[in-house]
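**Q** Okay, here's the structure, questions in a sec.
The values are calculated or read from the model by the stated rules, or taken from the named source; none is laboratory data. As the structure is a computational prediction, the values presented were derived from the model and not from experiment. Here Cβ is always computed from backbone atoms with ideal geometry, including for glycine, and neighbour counts include all displayed protein chains. Only protein heavy atoms, including side chains, enter the accessible area calculation; ligands, DNA and RNA are left aside. Shrake-Rupley method; radii C 1.70, N 1.55, O 1.52, S 1.80 Å.
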Amino acid sequence: MKVSKKIMLNHSRFRVWKVVSSKSALELFHPFCAGNPVLIWSEQKKDKIIYLNGLEYIREFSKWTPNSGFELSIGKEKGKKSNVMWQLEDHGERCSLSISIHPYKTSKVPKYMYAFIYLFIIKPKLEQYLKNVLKGLEYYLDNQIPVKKNHFGQHSWFSQNTSN
């Protein structure tokens with residue numbers, strides 16, 4: 001099962017690639033990112049995303065195709081990982097970017113309930129998440145200003161709980 005979102009951007013594929021492939025890139029456009037420190041950035045690439053609520057995930061890149069996209073696994077250092085693919089496509093002077101997530105199956109949900117939980121909770125939450133990340137990238141590319149935290153609204157999985 002995978003969740004995907006796509007956006008059409010009024011920027012060249014090369015301009016978008018320059019942003020999304022740079023060190024600590026998520027700090028520029030990810031609305032739920034508190035930090036994106038680099039762990040390794042050479043032939044092998046590995047970084048960390050620290051979400052607004054303090055959750056930390058490691059991103060390990062497995063495929064890196066300049067100006068086209070990359071694939072990575074993301075999750076807790078010693079936990080299950082989800083697979084993610086970022087893919088750029090040319091459309092003349094514009095380009096599209098799609099992000100697809102193959103989420104890991106949690107063992108916290110009984111197998112007979114997983115399809116229901118996926119359809120009504122996991123998929124909508126991941127779609128909202130991807131939509132906000134893509135809107136954040138568009139905002140950054142259009143304005144050259146880093147996106148504000150929770151710029152398009154909070155996310156129950158990644159935002160700071162402000163109901164205290």
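**Q** Here is a list of conditions, (1) touching a helix residue (DSSP H, G or I) at 6+ places or on another chain (Cβ under 8 Å); (2) at negative phi, and residue 113 meets all of them except one; can you say which number that is?
**A** Single failed check for residue 113: (1).
**Q** I need a count of the residues in the range 109-164 that are outside any helix (DSSP H, G or I), within 18 Å of residue 7 (Cα to Cα) and among the aliphatic types (A, V, I, L, M).
**A** So the count comes out to 1.
**Q** Could you pull out the residue among 150, 161, 143, 132 that is on the phi > 0 side of the Ramachandran plot and either surrounded by fewer than 16 Cβ atoms within 10 Å (Cβ to Cβ) or modelled with pLDDT of 95 or more (or both)?
**A** 150
**Q** Out of curiosity, is residue 126 crowded, with 16+ Cβ neighbours inside 10 Å and under 17 Å from residue 28 (Cα atoms)?
**A** Here the answer is no, as residue 126 does not meet what is asked.
**Q** Output the residues belonging to the range 92-121 that are open to solvent by less than 80 Å² (accessible area, probe 1.4 Å) and either among the small types (Gly, Ala, Ser) or in contact (Cβ under 8 Å) with a residue 24 or more places away in the chain (or both).
**A** 92, 95, 96, 97, 98, 99, 100, 101, 103, 106, 115, 118, listed by residue number.
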